[in-house]
Amino acid sequence: QVQLVESGGGLVQAGGSLRLSCAASRRYAMGWFRQAPGKEREFVAAISRSGGSTSYANFVKGRFTIGTDNAQNTVYLQMNSLKPEDTAVYYCAAATGYIASYRNQYEYTYWGQGTQVTVSS
């Protein structure tokens, strides 16, 4: 069983920054997804197991950065220039096998508990 432990959510004003972290028991291809109230869960960003390849949703390009601390088996999501529409519960996810599409949530096997991000206007 893989455990993913998330941290770093909170309340921030528009234009501010937050850094989310997700600690895993070993290295995996990892993704971040988010779900706002009344909306479906959507892809935010992903990184390959080696850390050499990343993918972003269009709405976060240039604002969010995904990276890894390989020594700690931790994936982070640095979120800058936050907007009220970024308010959601953010989930990290791990893929234990081959991924055809990082943007497809069904490619991921394990999920974190979620962390709330609230951006006030």
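The values are calculated or read from the model by the stated rules, or taken from the named source; none is laboratory data. Quick caveat, the model's predicted, so the values are computed rather than measured. In this analysis, Cβ positions are derived from the backbone assuming ideal geometry, glycine residues included, and neighbour counts consider all displayed protein chains. Just so you know, the surface numbers come from the protein's heavy atoms only, side chains and all, with ligands and any DNA or RNA stripped out. Shrake-Rupley method; radii C 1.70, N 1.55, O 1.52, S 1.80 Å.
In the range 1-53, which residue that is of a type in the set (Ser, Thr, Tyr) and modelled with pLDDT of 95 or more is surrounded by the most Cβ atoms within 10 Å (Cβ to Cβ)? That would be Ser21.
Selection of the range 83-104 for residues being of a type in the set (Gly, Ala, Ser) and surrounded by 14 or more Cβ atoms within 10 Å (Cβ to Cβ) yields Ala88, Ala93, Ala94, Ala95. In the range 59-77, is there at least one residue being open to solvent by 50 Å² or more (accessible area, probe 1.4 Å), modelled with pLDDT of 95 or more and acidic (Asp, Glu)? Taking every residue of the range 59-77 in turn, none turns out to be open to solvent by 50 Å² or more (accessible area, probe 1.4 Å), modelled with pLDDT of 95 or more and acidic (Asp, Glu).
Name the residue, out of Ser21, Ser25, Ser53, that is over 13 Å from Asp86 (Cβ atoms) and in contact with an Asp or Glu (Cβ under 9 Å, 6 or more places away or on another chain). So the residue among Ser21, Ser25, Ser53 that is over 13 Å from Asp86 (Cβ atoms) and in contact with an Asp or Glu (Cβ under 9 Å, 6 or more places away or on another chain) is Ser21. Would you check if there is a residue in the range 74-94 being in a loop (DSSP other than H, G, I, E, B) and under 19 Å from Tyr108 (Cα atoms)? No - not one qualifying residue is present in the range 74-94.
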